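Okay, so here's the structure we're looking at.
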Amino acid sequence: MTIGTTWAGTHTFGAGTLHLPTTMEEAQHLVAGADRIRALGSRHSFNDLADSPGDLISLREVPLGLEVDAENGSATVHGSLTYGAVAAELDAAGFAMPALASLPHISIAGAVATATHGSGDRTPNLAGVVTAVEMIGADGELLWLERGDADFPGAVVALGALGVVTRLRLAVEPTFGIRQDVLNEVRWETVLERFDEITAAAHSVSIFTRWAEDAVDQIWIKSRDDVAPAELFGGVFATTRQHPILGVDAINATEQGGTIGPWYDRLPHFRMGFTPSNGSEIQSEYLMDRRHAVAAIEALRGLREQLIPLLQVCEIRTMAADDLWLSAAYERDTVAFHFTWHAQPDAVQALLPEVERALAPFAARPHWGKWFAMGREELEQVFPRIGDFRALAARLDPTGTFRNAYLDRLVL
């Protein structure tokens, strides 16, 4: 089977074969017999993290159903499924996840393995709600780790380096509704003076900017149940549905204008029924202690002349701390700056070191699955448990079954 490229075409897979087993036993046999093999999710990586020097395996054809434990407030899900595929079924059972990714079309295991974000001052990223993980180890045996086990904090955000994730147990909560409102014309001086108030204004808040001099483009406010924003921060409500990039057709954006809907149809920025094609874009994301948010904004505003020509949009959002070793939110409440670049790879590669120099005083951590210029030494400085993770990988995968060029270059 032809493997092709990542979602945005930013990396062409070099792996030889993509296996699609239909049973767990077949998957275990394939892993046990492989010299080099890695799991492939929804291809929503922008670099070579998901590739393999040998084979790839996808478990999307292996039937693993959703199991809800209402008494303990948890749901065990098939890691290869997307959030969109799981959300409606989970909602029908009366439960919800506190956060979703901007696109609901990414695989759960892939999002967790890279500590991909949700948004909200009191809400952790998508890995932060994991309470147990099951994976196929290099010997083909199933390994189950849960919170409280010594290896658990290193095994959740694992970059595919420890095994092929089969199931994840997630902490869930009773289902809830969300209303979404969009503010325009909020000025930068207000954002800088009242950043903490703005991000605390709702369950999830995203600031979108193309680094214009006077005002941010939009603030998307996702409020629990039917609670309207109490403060507009000098802005005005948008009167028509908007795309995160102003001027782009908003037909596929989730409903706005204050109408309440189910959590799974408002927490993402894009609708569940919309299946995205390859995106003509490159993405980068840098995350740091949220106490540096205003200083980091000021540093990036100083680069606006370099950013504007290459940028489609930048999203600023927050998330709660977690205890997962390779998570960008490890032990610190976090602010994230997510850059969606035009598909100009040479120019983006040249600009990223400048962005990283501007953010270096704040110990910024990159998103593992997106473009960054930091090398091994810089990563060791900002991810303090990377050495412990290296030892864990050596113990659980001593023959390097799940290693690839990315991991050899940057992590292991």
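Brief remarks on what is shown
- Region 2-24: number of residues that are under 11 Å from Asp55 (Cα atoms) and free of Cβ contacts under 8 Å to residues at least 40 places away in the same chain: 4
- In region 158-167 there is at least one residue matching the filter, namely being of a type in the set (Lys, Arg) and more than 17 Å from the chain's Cα centre (by Cα).
- In region 327-344, residue most open to solvent (accessible area, probe 1.4 Å) [restricted to those that are of a type outside the set (A, V, I, L, M, F, W, C) and part of a loop (DSSP other than H, G, I, E, B)]: Glu331
- For Glu134: the one exception among (1) within 25 Å of Ile386 (Cβ to Cβ); (2) assigned to a strand (DSSP E or B); (3) touching a helix residue (DSSP H, G or I) at 6+ places or on another chain (Cβ under 8 Å): (3)
- Which listed residue, of Ile251, Ile282, Ile245, Ile260, is out of contact with any Pro (no Cβ under 7 Å at 6 or more places or on another chain) and either among the hydroxyl-bearing types (Ser, Thr, Tyr) or within 29 Å of Gln349 (Cα to Cα) (or both): Ile245
- Residue list for region 232-274, filter: basic (Lys, Arg) and more than 23 Å from the chain's Cα centre (by Cα): Arg241
- Where Glu26 falls short, out of the listed (1) closer than 24 Å to Val112 by Cβ; (2) part of a loop (DSSP other than H, G, I, E, B); (3) modelled with pLDDT of 95 or more: (2)
- Test: Pro384 is in a loop (DSSP other than H, G, I, E, B), open to solvent by 10 Å² or more (accessible area, probe 1.4 Å), within 23 Å of Ala155 (Cβ to Cβ) and free of Cβ contacts under 8 Å to residues at least 60 places away in the same chain: yes
- Qualifying residue in region 310-326 (condition: of a type in the set (Lys, Arg), within 30 Å of Asp151 (Cα to Cα) and either touching a helix residue (DSSP H, G or I) at 6+ places or on another chain (Cβ under 7 Å) or surrounded by fewer than 15 Cβ atoms within 10 Å (Cβ to Cβ) (or both)): no
- Within region 51-78, considering residues that are among the small types (Gly, Ala, Ser) and touching a His at 6+ places or on another chain (Cβ under 8 Å), the one surrounded by the fewest Cβ atoms within 10 Å (Cβ to Cβ): Gly65
- Search result, residues across region 132-144 that are surrounded by fewer than 19 Cβ atoms within 10 Å (Cβ to Cβ) and either among the hydrophobic types (A, V, I, L, M, F, W, C) or over 21 Å from Ser58 (Cβ atoms) (or both): Leu142, Leu143, Trp144
- For first residues located in region 295-321 and modelled with pLDDT of 95 or more, partners that are of a type in the set (Phe, Trp, Tyr) and in a helix (DSSP H, G or I) and lie 6+ apart or on another chain with Cβ distances below 7 Å form the pairs Ala295/Phe362; Ala296/Phe362.
- Close pairs (9 angstrom Cβ cut-off, 6 or more residues apart or separate chains): under 14 Å from Ile297 (Cα atoms) and of a type in the set (D, E, K, R) in region 188-212, open to solvent by less than 40 Å² (accessible area, probe 1.4 Å) and part of a helix (DSSP H, G or I) anywhere: Asp196/Ala293; Arg210/Leu307
- Region 165-188, residues that are of a type in the set (S, T, N, Q), in a strand (DSSP E or B) and either open to solvent by 30 Å² or more (accessible area, probe 1.4 Å) or within 30 Å of Ile37 (Cα to Cα) (or both): Thr166
- Of residues in region 96-118 being farther than 14 Å from His367 by Cβ and not hydrophobic (A, V, I, L, M, F, W, C), the one farthest from the chain's Cα centre (by Cα): Pro98
The values are calculated or read from the model by the stated rules, or taken from the named source; none is laboratory data. None of the values given here were measured: they were computed from a predicted structure. Positions of Cβ are generated from backbone atoms using ideal geometry, with glycine treated the same way; all protein chains shown enter the neighbour counts. We work out accessible area using only protein heavy atoms, side chains counted, and drop any ligands, DNA or RNA first. Shrake-Rupley method; radii C 1.70, N 1.55, O 1.52, S 1.80 Å.
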